[in-house]
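Everything below concerns the one structure shown next.
The values are calculated or read from the model by the stated rules, or taken from the named source; none is laboratory data. Owing to the predicted nature of the structure, the values given are computational and were not obtained by experimental measurement. Cβ placement follows ideal geometry from the backbone for every residue including glycine, while neighbour counts extend to all protein chains displayed.
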Amino acid sequence: MVEKKGIGVFPGIVIAPAAVFRHTILESVEHSLTDDSKKELESFEEARKGVLSELSGIKPSSDAERDMLSVYESMLEDPDYLALIRENITERRYTASWAVEAATEKYTSALAALGDSYFEDRIADIRDAESRLLSSIAGIATDIEISEPSVIIADYLTPSELIQMDRSNVLGLLLDSGGPTSHVAILAHSDEIPAILGLGDISKTANDGETVAMDGREGRAILDPDEKTLRSFRARKGAAAKVEKELKKEAALPAVTTDGHRIHLMCNIEGTEGISGAIAAGAEGIGLFRTEFLVLSSHGTEDKKTESSYIEAANEMGKYGPVTFRTYDLGGDKIVQGMDKREENPILGWRAVRFCMERKDIFRSQLISILKASAVSESVRIMFPMISGSEELLEVLDFFEEVKDECRKKGIAFDENMKVGTMIETPSAAITADILADYVDFMSVGTNDLIQYTIAVDRGNEKIAHLYRPLHPAVIRLLKYVVDSAKKKGVTVSICGEMAGNAEYAPLLVGLGFDELSMTAHSILEVRKRIRTLSAESCVDFADNVLSLPDATSIEKALGEYNGKTGYKK
Ligand code: PEP
Ligand code: MG
């Protein structure tokens, strides 16, 4: 029996067999020469055959996936590419992995030099094919085979890997890496998959098929638990199910404080499959539709699917409140074809509107899809991510106007009064919120990124997760400034980062003046329950006091005391 502690990102107690998976890390390819070229050549040929047979077993679920698989296959059959690899091994005495890496580099650089967006798209596929080859040479499985309901244990998972999995078989998630607001954590939350991240080396310790017991709330995972541990986990599983049932009973009640202050709770979704959960939780609209996840799940921008998903969301959620489409926040850890995976600092790099304003072909078709959805329901709103200041916002708004004009000319119907908003998730946007407020109808604070950029702490890095502190005074001051600026200018303001969905923070956010919060469906249940026990007046006094505190520790302590005093238990 081995116990591991990590960052619990979605509660739930699970006892199930483990499905263990590890990636090859491309950077770990050793550049060493071999004395046995024959053996390296055999290892490469075997790996190539293995990958080809693996690929032939995959049934593509979309045209984009079919295209991607065919690029993989053609690479692995390409005589020039293969000759280069073989030459690297036999003549230069490179190891098989190095030979593949060097050949791929040469190949992709030549394609990149052509400067054609078609080839840029292919480069991403070629790198994926390379990654499969390297994994196969290293003897590591590349596809997560989940043949029975299991707890997935992995070194890390990219958001696209998780969404491409058969999630009906994913009972829990245990990862070596990842921070509390990493995108894989957010997806686990949305899909209600109990998950623990930042477990260090669990993927090396665990054995495929062994029993695992996990508690997502406490962040505890136990490999090969003994009978006594199993009994205690089973008992707590029963108790947790009861609490959950009670929470669901309150879904129809309004989120109103004891002194009558109404807070609007909306839902964050990543696709239309989130709609039923949002309705069941009593969401008053969609505060954040992370549209890029549709692209990630389909390996490309499939306009027809995109359009019908937006229309479905507008139709089904419009009657409950706003339906907020955030334009593609691709980049960072959300990579698609046509993006360079190897940016030095992807989180500060070519992402969100920076990517969209260069790939206007992609952006235009998304804007048209959102405009079409606005014709279905006047609740549809559009919101732009990662805005860093008014100049960037104005450029994006100008382009949006251009696209609207095109639609008018083509007779495409849309809501001329559609509300336009900006995310506030960079410190520069927060500090200039008073200026940005002049150009938009609403603002939504993305605390996940705002905290990361304000404290300079990577939200996905478990090594520094203890430094990622939502209650840092710099963050609280920025929140206060944004809410005050928005209200002064008569602009609606909300929070759609994970902070909004943590019931512990509710007194502070209500006290700071946020009347709209957007979160996962599950969090709506918990936050509503918490808000119904709070007095708004007391929250305002509490927030005023917090604003005078000097550091995160004092604010955490003050909030802990306030929560304790007002009867809140985690
Ligand atoms: C945020 O940054 O808080 C946010 C809501 O956007 P995302 O988590 O998708 O980056
Ligand atoms: Mg963000």
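Quick notes on this structure:
Residue by residue, here is whether (1) within 30 Å of Glu91 (Cβ to Cβ); (2) at pLDDT 85 or above; (3) under 28 Å from the mean Cα position of the chain (by Cα) holds:
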| residue | (1), (2), (3) |
| --- | --- |
| Glu3 | no, yes, yes |
| Gly6 | no, yes, yes |
| Ile13 | no, yes, yes |
| Ala19 | no, yes, yes |
| Arg22 | no, no, yes |
| Glu40 | yes, yes, no |
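- Members of segment 490-507 found to be buried (at least 24 other Cβ atoms within 10 Å of the Cβ) and of a type in the set (A, V, I, L, M, F, W, C), listed by number: Val493, Ile495, Cys496, Met499, Ala500, Ala506
- Among the candidates Thr520, Thr553, residue that is surrounded by fewer than 16 Cβ atoms within 10 Å (Cβ to Cβ), assigned by TED's automatic domain parsing to the domain that holds Gly446 and either of a type in the set (Val, Ile, Thr) or in contact with a Gly (Cβ under 6 Å, 6 or more places away or on another chain) (or both): Thr553
- Candidate set: segment 452-467, residues that are within 12 Å of ligand 1 (Cβ to nearest atom) and closer than 16 Å to Gly178 by Cα; chosen: the one surrounded by the fewest Cβ atoms within 10 Å (Cβ to Cβ): Gln452
- Selection count, segment 213-246, where residues are within 29 Å of Ile524 (Cα to Cα) and part of a strand (DSSP E or B): 5
- Segment 257-289, residues that are in contact (Cβ under 8 Å) with a residue 40 or more places away in the chain and assigned to a strand (DSSP E or B): Arg262, His264, Leu265, Met266, Cys267, Asn268, Ile269, Ile286, Gly287, Leu288
- Scope segment 519-537; condition part of a helix (DSSP H, G or I) and in contact with a helix residue (DSSP H, G or I) (Cβ under 8 Å, 6 or more places away or on another chain); matching residues: Ala521, His522, Ser523, Ile524, Leu525, Glu526, Val527, Lys529, Arg530, Ile531, Ala536
- Selected residue (only one of Thr422, Thr454 is closer than 19 Å to Glu516 by Cα, within 26 Å of the chain's Cα centre (by Cα) and in contact (Cβ under 8 Å) with a residue 24 or more places away in the chain): Thr422
- Filtering segment 411-429 to residues that are of a type outside the set (Lys, Arg) and away from ligand 1 (no atom under 15 Å from the Cβ) leaves Gly411, Ile412, Ala413, Phe414, Asp415, Glu416, Asn417, Met418, Val420.
- Matching residues in segment 42-71 - criterion: being modelled with pLDDT of 80 or more and of a type in the set (Asp, Glu): Glu42, Glu45, Glu46
- Taken over segment 421-441, residues that are more than 16 Å from ligand 2 (Cβ to nearest atom), outside any helix (DSSP H, G or I) and in contact with a helix residue (DSSP H, G or I) (Cβ under 9 Å, 6 or more places away or on another chain) amount to 5.
- Members of segment 156-178 that are modelled with pLDDT of 85 or more and assigned to a loop (DSSP other than H, G, I, E, B): Tyr156, Leu157, Asp176, Ser177, Gly178
- The condition of being within 15 Å of ligand 1 (Cβ to nearest atom), at pLDDT 95 or above and either in contact with a Lys or Arg (Cβ under 9 Å, 6 or more places away or on another chain) or in the same structural domain as Arg326 (by TED's automatic domain parsing) (or both) holds for only one of Ser369, Ser379, Ser388, Ser374, that being Ser388.
- Of the candidates Thr447, Thr432, the single residue that is surrounded by 16 or more Cβ atoms within 10 Å (Cβ to Cβ), away from ligand 1 (no atom under 16 Å from the Cβ) and hydroxyl-bearing (Ser, Thr, Tyr) is Thr432.
- In this entry, Met418 passes the filter for residues that are farther than 16 Å from Leu394 by Cβ, away from ligand 2 (no atom under 12 Å from the Cβ), surrounded by 18 or more Cβ atoms within 10 Å (Cβ to Cβ) and outside the structural domain of Ile186 (by TED's automatic domain parsing).
- Residue tally, condition closer than 19 Å to Ala500 by Cα, part of a helix (DSSP H, G or I) and of a type outside the set (Ser, Thr, Tyr), over segment 446-465: 7
- Qualifying position, being closer than 21 Å to Leu175 by Cα, modelled with pLDDT of 75 or more and in contact with a strand residue (DSSP E or B) (Cβ under 6 Å, 6 or more places away or on another chain), among Ile153, Ile144: Ile153
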